[in-house]
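Following: one structure in structure tokens, then a few remarks.
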Amino acid sequence: MWNVFENLKQATFPIYLGVDIGTTSIKAVEVKQGEKLPELLNYGMLELGGYLLRANNALQTSTLKIFEEEVAELLKVLMAKMKLRAKEVVASIPAFAAFTTVLDFPAMTPEELKKTIAFQAKEYIPQPLSEVAIDWLKVGEFEDKGYKHDQILIISVPREQIKRYQRLFGMAGLTLRALEIESLSLARILTMGDPTPTIIADIGSRSTSIAFAARGELRYVGQSDFAGASLTQALAQGLNINPLRAEELKRERGIAQAGQSYELSTIMLPFLDAIINEVKKAQFNYGNQFPGAPQPERVILTGGGANLAGITGYMEKELGFPVVKSMPFMRFEHSAELEPMVGEVGPMLAVAMGLTMREFV
Ligand SMILES: Nc1ncnc2c1ncn2[C@@H]1O[C@H](COP(=O)(O)OP(=O)(O)OP(=O)(O)O)[C@@H](O)[C@H]1O
Ligand SMILES: [Mg+2]
């Protein structure tokens with residue numbers, strides 16, 4: 001049936017597409033303005049199971065390599081399954097693909113700051129300036145001997161990386177509208193409107209990103225190579241089993257302090273402890289960089305690793321402050337049918353959902 005109203009609605013409210021290309025999976029969401037909040041229309045996730053067996057077969061690696069054609073093919077599969085309507089895409093790049101640093105500048109106008117950063121950046125950015133795109137945001141301020149200073153988070157991304165994304169989305173028939181580091185999307189979706197100083201730990205497959213944020217604003221970005229795959233590998237080696245079986249066992253049992261799964265836990269815990277140590281290290285660095293800033297009061301866990309059974313309780317005990325799992329669906333209208341899944345799917349879609357939210361703020 002021809003539904004005039006539906007058509008009208010679509011014309012008034014554009015549909016936004018957010019795509020998060022992780023190291024071992026691609027996640028996409030389509031969103032439009034709902035009655036009060038953005039409304040999730042559609043989502044899809046495609047996991048690259050084979051990566052567990054072939055160590056080098058990841059979609060992203062820390063050396064910035066991204067297998068364009070393979071990713072474009074996967075994107076096409078995902079797009080066909082989701083019957084995507086959007087033609088433009090907002091995408092994220094992993095924290096490890098960008099160089100971030102916080103610098104102090106005497107307080108000045110944005111125009112002056114732009115010139116100063118362009119002038120000084122070469123001292124801080126490890127690549128030739130002609131090869132990187134630089135963005136920045138103010139993350140703090142302080143006074144020293146009567147003079148005001150601003151703390152500026154500088155984000156630099158290799159231009160080649162941006163071109164790669166343009167090419168690969170182009171191959172899939174999409175136009176890249178915007179690209180941002182995933183920590184920005186997470187800060188937006190997990191802390192917007194909430195002043196609680198928060199650590200966001202995104203435990204992915206190949207890496208964990210650790211961000212500090214409040215009120216939707218990102219203040220610090222850190223990163224660790226210990227992540228979900230480290231736990232799976234530990235199980236595979238420790239029990240001398242196939243990595244696919246190890247992955248299953250990890251998801252079935254999680255970590256437990258007693259009972260049947262205790263032995264499994266003892267194999268995985270050193271790697272979880274390594275992630276926790278990275279969080280503590282980030283906290284220490286953050287304290288050094290922002291001596292007057294309020295200390296974090298909670299951790300929000302996100303990424304597939306947040307679904308490890310028992311992880312929040314264990315981390316809470318080790319860190320001594322509240323640890324909760326991310327709930328990005330809270331910020332979106334969605335169909336009631338999804339409700340039983342949002343707890344588990346949410347942490348995996350948080351980046352993609354956060355990307356689309358930039359269109360609604
Ligand atoms: N129920 C579960 N229990 C334990 N771990 C899980 C569970 N579900 C997913 N994971 C783990 O989450 C990881 C994948 O998370 P995610 O999809 O966020 O990664 P990614 O975005 O592809 O990777 P990265 O962020 O490193 O680029 C895998 O290591 C997987 O084993
Ligand atoms: Mg990820």
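The values are calculated or read from the model by the stated rules, or taken from the named source; none is laboratory data. Since this is a predicted model, take the numbers as computed values, not measurements. Neighbour counts are summed over all protein chains in view; Cβ atoms, including those assigned to glycine, are modelled from backbone coordinates with ideal geometry. These accessible areas exclude ligands, DNA and RNA; they are computed on the full protein's heavy atoms, side chains included. Shrake-Rupley method; radii C 1.70, N 1.55, O 1.52, S 1.80 Å.
When the trypsin sites (Lys or Arg not before Pro) in region 123-199 are filtered for DSSP coil states and for at most 10 other beta-carbon atoms within 10 Å of their beta-carbon, the remaining sites are K145.
In order along region 112-126, phi translates into HN-Hα couplings of 5, 4, 4, 5, 4, 4, 4, 6, 9, 4, 4, 6, 10, 9, x Hz, rounded to whole numbers, per the Karplus curve 6.51 cos²θ - 1.76 cosθ + 1.60 with θ = phi - 60° and x for Gly and Pro. The portion of the accessible surface of the chain made up by carbon and sulfur, rounded to a whole percent, is 53 (1.4 Å probe; DNA, RNA and ligands excluded). Subtracting the Cα-Cα distance of E160 and A336 from 0.36 nm times their residue separation leaves 59.2 nm of extension gain. Dipole magnitude for the chain: about 440 debye, using +1 per Lys or Arg Cβ and -1 per Asp or Glu Cβ, origin at the Cα centre. Each label was represented as a point 7 Å from its Cα along the Cα-to-Cβ direction; for R298 and E69 these points are 4.8 nm apart. Here the Karplus curve 6.51 cos²θ - 1.76 cosθ + 1.60, taken at θ = phi - 60°, turns the phi angles of region 292-302 into couplings of x, 6, x, 6, x, 10, 6, 10, 9, 8, 9 Hz, with x standing for Gly and Pro. Per residue, the chain reaches -12500 deg cm²/dmol at 222 nm when only DSSP H runs of four or more residues are counted, each adding -39500 (n - 2.57).
When both region 87-108 and region 258-294 are represented by their alpha-carbon centers, they are found 25 Å apart.
Note on K281 and L129: the model spin-label points, each 7 Å out from Cα along the C-beta direction, lie 3.1 nm apart. Count the DSSP beta bridges whose two residues both fall in the chain, then state the antiparallel fraction as a percent rounded to the nearest 5. Of all bridge pairs located within the chain, approximately 75 percent are antiparallel. Computed from the Cβ-Cβ distance with R0 of 35 Å, the FRET efficiency linking R245 to E316 stands at 0.75.
Residues in region 331-346 carry Karplus couplings, in order, of 8, 10, 6, 7, 6, 4, 4, 6, 3, x, 9, 4, x, 8, 7, x Hz; the curve used is 6.51 cos²θ - 1.76 cosθ + 1.60 with θ = phi - 60°, and Gly or Pro positions show x.
Modelled spin-label separation between E112 and D273, with each label point placed 7 Å from Cα along the Cα-to-Cβ direction: 5.1 nm.
Taking amide H positions as modeled 1.01 Å from N, with prolines and chain starts lacking one, the residues under 5 Å from N42 and 5 or more places away or on another chain are E30. Amide H contacts under 5 Å for G216: T191, M192, G193, D194, restricted to partners 5 or more places along the chain or on a different chain, H placed in the peptide plane at 1.01 Å from N. Under the rule that an exposed site lies in a DSSP loop and has at most 15 other Cβ atoms within 10 Å, name the longest stretch of the chain with no GluC sites (Glu not before Pro) of that kind, not counting the sites themselves. Within the chain, the longest run free of exposed GluC sites (Glu not before Pro) spans 36-296. Rolling a 1.4 Å probe across the protein heavy atoms gives the chain an accessible surface of 48 Å² per residue.
Among P38, P197, P126, the largest mean-square fluctuation in a Gaussian network model of the chain (Cα springs under 10 Å) belongs to P126. With 0.36 nm allotted per residue and the present C-alpha distance subtracted, the D144-T196 stretch has 16.1 nm of extension available. Under 5 Å from the amide H of E88 lie the amide H atoms of T175, each residue being 5 or more positions distant or on a separate chain, with H modelled from the backbone and absent for Pro and chain starts.
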